[in-house]
Amino acid sequence: MMEKIPTQTGARDQLLSDLKTVIQDAEAWLRHSGSLTGDELKAAKAKFERTIVKAKDDIIRLEEAVVEKTKIAAKATDEYVQENPWKSVGIGAAVGVVIGMLIARK
């Protein structure tokens, strides 16, 4: 059985959480940038940059996982079609008829 793509698990939630954190940090940094001193400004900037790097890493990791799962699905589909060519033709024809009927209804 095929595994679920990580977007179905906590990976998507973690990514959204990281992006919200980036936005919140950016808003806070912009609000307080006028009142921050040199060291405080450097610390805020460093925190913001760490958050952005973490979000980018999560996006890259998620993308790699999705690409890998897509390759696995494509390979499984190719193997199925090679092993069952007439079933594949029948399924394709049935899907085409259904889509054609749905389009014709509009």
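The values are calculated or read from the model by the stated rules, or taken from the named source; none is laboratory data. Please read all numbers here as calculations on a predicted model, not as lab measurements. We place every Cβ from the backbone using ideal geometry, glycine too, and count neighbours over all the protein chains shown. Note: accessible area is taken over every heavy atom of the protein model, side chains too, but ligands, DNA and RNA are not part of it. Shrake-Rupley method; radii C 1.70, N 1.55, O 1.52, S 1.80 Å.
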*With a 1.4 Å probe and every protein chain kept in, tell me what percent of the accessible surface of the chain is carbon plus sulfur.*
63 percent
*Between ALA43 and ALA76, 0.36 nm times their residue separation minus their Cα-Cα distance comes to what?*
6.9 nm
_the chain - charge dipole about Cα centre, Lys and Arg +1 at Cβ, Asp and Glu -1, debye rounded to 20_ = 360 debye
*asked:* Need the C-alpha centroid separation for the stretch 14-32 versus the stretch 81-100, integer Å.
replied: 48 Å
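Give the relative contact order (percent, whole number) for the stretch 5-106; include only Cα pairs under 8 Å separated by 6+ residues. Show your work: numbers first, answer last.
Details: 32 pairs, mean separation 36.2, N = 102.
The normalised contact order for the stretch 5-106 reaches 35 percent.
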_Gaussian network model of the chain, springs between alpha carbon atoms under 10 Å - residue of LEU41, LEU19, LEU62 with greatest fluctuation_ = LEU41
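Solvent-accessible area per residue for the chain at a 1.4 Å probe radius, Å²? Each step should come with its number before you reach the end.
Working: 8600 Å² over 106 residues.
Result: 81 Å² per residue.
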_Separation in nanometres of the label points that stand 7 Å from Cα toward Cβ, at ILE103 and VAL53_ = 5.1 nm
